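Worksheet: the structure to be examined is printed underneath.
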Amino acid sequence: MELQAFLSRRVVTPDGIRAAGVLVEGALIREVVPSDQVPREAKIIDFGDAAILPGLIDAHVHINDPGRAEWEGFETATRAAAAGGFTCVVDMPLNCVPSTTGVAALEAKRAAAKGRCWVDWAAWGGVVADNQQDITKLAGAGARGFKCFLVHPGIDEFTMVTEQQLRQALPYVAETGLPLLVHAELPGHIDAATKNLEKADWTQYATYLQSRPEQSELSAINLLISLCREYEFRLHIVHLSASQALPALRAARLEGLPVSVETGPHYLHFQAESISRGATQFKCAPPIRSAENREQLWSALKDGTIDLVATDHSPCPPEMKRFAEGNFKTAWGGITGLSVALSGMYTEARAREFSLTDITRWMAEAPAKLIGCQLQKGKIAVGYDADLVVFDEESEFLVTPERLHHRHPFSPYLGEKLKGEVKATYVRGGLVFADNAFHGESKGRELPA
Ligand SMILES: [Zn+2]
């Protein structure tokens, strides 16, 4: 088997950032050695001062395929991921048709993915109003865990769950030992706020923000924590936005409950105050909140209350964003920017004196644990998949449509000047992306069980 040696003065290993050679034999990391101890037979690729990180894992992506491939699709989503330094993405169970709420739907997704992925992938199953009987079957068929919504998810075929329906599902979820990912907003506060805003100007971002108050996240999270205590399942809060919910999450973790928390790069990079009138590319749920809220989220990453960062890349055709009328009420909610999310994160992290070690923890190690592949992926270590990302920390660039590789190249990141650029991405030892172009073939595969 061919031996490759990836050299850099900044290799991000579990023991810190150091000069090293990563020896790759076939698809796996054989050893990490001092740069002057690379075996003579190895093919040397020297990246100099550019850092080498483990391939990132995005635990929250909406590929929408099969069924709504005109919104995104396996080929475009995984290309965008490769360009962004992600070597594995985990697909959400909704917006595809059929929704992944049963084994047949999971098989349909596998058929759609076959031969079309540039990075590795895995699937979340769905928990909806009436599929309790499918939960353990989905786990047996290879779903990495489950996703549910406590509020309407934007499409009708993936039903939200009430507390009662959730209580029916939780014993099955607990039995699988897999995590339940919850979109944590309760409809009560949202419905009341929206009713009061009937005559407001919905081209203003502030109107949308008021319609999704922090209390809706806080009350959902309080409910989930008490259910977690009662049913002893692994609870994962997806895309936390409201900093008001942090004290409850800190307390739950101190209590020893199996709770993990995710937020998104957009909540850590953007701020509500700067979103212009009609800029519906910024609409997502829960919403991007104030600059002050953003700083609280950064503090929670620092103290470990938030475990990980995932993009929630959720594309749609441009018509659905209704850019012409710029109406935040009727526009589809979803953020896109898989290809530049790492640079967005790095720009903000660096300004707050975090390092690539922190980013690797949030975007590779912790998501690997969530999806149960922490012995194969998420670290540069002996025996791990040779998923490697070459990242130039000093490079700066302006986000243009050519930088976005998902199907419809609009994004709130367009026009942003970001620091830190993905120079190359290797999936299991093979080059897939370098210098803004794709290489090799689409050899991504579903994560083995
Ligand atoms: Zn999502």
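The values are calculated or read from the model by the stated rules, or taken from the named source; none is laboratory data. Predicted model, so just to flag it, every value in this text is computed and none were measured. In this analysis, Cβ positions are derived from the backbone assuming ideal geometry, glycine residues included, and neighbour counts consider all displayed protein chains. Side chains included, ligands, DNA and RNA excluded: accessible areas come from the protein's heavy atoms. Shrake-Rupley method; radii C 1.70, N 1.55, O 1.52, S 1.80 Å.
Averaged per residue, what accessible surface does the range 288-383 expose to a 1.4 Å probe, in Å²? Walk me through the intermediate numbers first.
Numbers: 3270 Å² over 96 residues.
With the other protein chains kept in place, the range 288-383 gives 34 Å² per residue.
Can you list residues whose amide H is under 5 Å from Thr336's amide H, if they're 5+ apart or on another chain and H is modeled 1.01 Å from N?
Under 5 Å from the amide H of Thr336 lie the amide H atoms of Ser314, each far enough along the sequence or on another chain.
Run the simple label-point estimate for Ala112 and Lys199 please: 7 Å along Cα→C-beta, distance reported in nm.
4.4 nm
Of Pro187, Ile359, Ala169, which is farthest on the positive side of the dipole of the chain, counting Cα position, with +1 on Lys and Arg Cβ, -1 on Asp and Glu Cβ, and the Cα centre as origin?
It is Ala169.
Pick from Lys423, Lys321, Lys114: which residue has the top mean-square fluctuation in a GNM of the chain where Cα pairs under 10 Å get a spring?
Answer for the Gaussian network model of the chain: Lys114.
What do you get for Rg/Rh of the range 42-82 when both radii come from the Cα atoms and Rh is the Kirkwood radius?
Across the range 42-82, the Cα-based Rg/Rh ratio is 1.21.
Using Stokes-Einstein with the Kirkwood hydrodynamic radius over Cα pairs, what translational diffusion coefficient do you get for the range 341-408 at 37 °C and a viscosity of 0.692 mPa s, in µm²/s rounded to a whole number?
Rounded, D is 237 µm²/s.
Go through the range 361-378 residue by residue and turn each phi into a ³J(HN,Hα) via Karplus (6.51, -1.76, 1.60, θ = phi - 60°); whole Hz please, and just put x for glycine and proline.
My calculation for the range 361-378 gives 5, 6, 10, 9, 5, 5, x, 4, 5, 4, 9, x, 10, 6, 9, 10, 9, x Hz in order.
I'd like the GluC sites (Glu not before Pro) in the range 257-346 restricted to DSSP loop residues with at most 16 other Cβ atoms within 10 Å, sorted by number. Please list the in-between numbers first.
Numbers: sites: Glu262, Glu273, Glu292, Glu295, Glu319, Glu325; in loops: Glu325.
Of the GluC sites (Glu not before Pro), the ones in loops of the range 257-346 whose Cβ has at most 16 other Cβ atoms within 10 Å are Glu325.
Based on the Cβ-Cβ distance from Ala19 to Phe438, what FRET efficiency comes out when R0 is 35 Å, to the nearest 0.05?
Efficiency at R0 = 35 Å is approximately 0.75.
If you fit an axis through the alpha-carbon atoms of helix 187-196 and take the longest principal axis of the Cα set of the chain, what angle between them do you get, 0 to 90°, nearest 10?
The answer is roughly 60 degrees.
Along the Cα-to-C-beta direction of Ala381, a point sits 7 Å from the Cα; which residues of the range 350-371 have their amide N less than 17 Å from that point?
357-371
Per residue, how big is the convex hull of the range 65-140 when only Cα atoms are used? Give it in Å³.
Per residue, the Cα convex hull of the range 65-140 comes to 84 Å³.
Tilt of helix 214-231 relative to the longest C-alpha principal axis of the chain, in degrees (0 to 90, nearest 10)?
80 degrees
Once you've got the GNM for the chain with C-alpha springs shorter than 10 Å, pick whichever of Glu353, Glu185, Glu163 has the biggest mean-square fluctuation.
In this elastic network of the chain, the residue with the biggest mean-square fluctuation among Glu353, Glu185, Glu163 is Glu353.
Picking from Phe47, Pro448, Ala285, whose Cα lies most toward the positive end of the charge dipole for the chain (charges on Cβ: Lys, Arg +1; Asp, Glu -1)?
Pro448
Radius of gyration and Dmax for the range 102-215's Cα atoms, expressed in Å?
For the range 102-215, the Cα radius of gyration and maximum Cα-Cα distance read 17.5, 50 Å.
Which values, in whole Å and largest first, are the semi-axes of the equivalent ellipsoid of the chain obtained as the square root of 5 times each eigenvalue of the Cα gyration tensor?
Those come to 34, 24, 21 Å.
Indicate, rounded to the nearest 5 percent, the antiparallel portion of the DSSP beta bridges found entirely in the chain.
Beta bridges within the chain, antiparallel portion: roughly 50 percent.
Can I get the semi-axes of the range 174-296's equivalent ellipsoid? Compute them from the C-alpha gyration tensor as square roots of 5 times the eigenvalues, in angstrom, largest first.
29, 15, 12
For a label point 7 angstrom out from the Cα of Ser226 toward its Cβ, which stretches of the range 137-160 have the backbone nitrogen within less than 20 Å?
What the label zone holds, given the 20 Å backbone N cut-off, is 149-151.
Taking the Cα atoms of the range 2-143, what is the range of coordinates along each of the three principal axes, in descending order and whole Å?
The Cα atoms of the range 2-143 stretch 60, 31, 26 Å along their principal axes.
As an exercise, take the mean of 1/r over every pair of distinct alpha carbons in the range 208-252, invert it, and state the Kirkwood radius in angstroms.
11.1 Å
Please report, to one decimal in angstroms, the Kirkwood hydrodynamic radius of the range 4-48 built from all distinct Cα-Cα pairs.
Roughly 10.3 Å, rounded to one decimal.
What does the extension gain come out to for Ser274 and Asp49, with contour length at 0.36 nm per residue minus their alpha carbon separation?
Gain in length upon complete extension: 77.5 nm.
Taking the convex hull of the alpha carbon atoms in the range 375-449, what volume per residue do you get, in Å³? Please report the intermediate quantities before stating the final value.
Working: hull volume 9.6 nm³, N = 75.
Output value, Cα hull per residue: 128 Å³.
Could you list the square roots of 5 times each eigenvalue of the Cα gyration tensor of the range 224-359, that is, the equivalent ellipsoid semi-axes, sorted largest first and rounded to whole Å?
Each semi-axis is the square root of five times an eigenvalue, giving 28, 19, 13 Å.
For the range 282-391, what are Rg and Dmax over the alpha carbons, in angstrom?
Cα-based Rg and Dmax for the range 282-391 come out at 16.6, 54 Å.
Mind checking which lysines have their C-alpha under 26 Å from Lys443, skipping anything on the same chain fewer than 8 residues away?
Hits, sequence-local ones excluded: Lys43, Lys109, Lys114, Lys369, Lys377, Lys379, Lys423.
What are the residues whose amide H is under 5 Å from the amide H of Phe433, where those residues sit 5 or more places off or on another chain and H is modelled from the backbone?
Amide H neighbours of Phe433: Thr425, His439.
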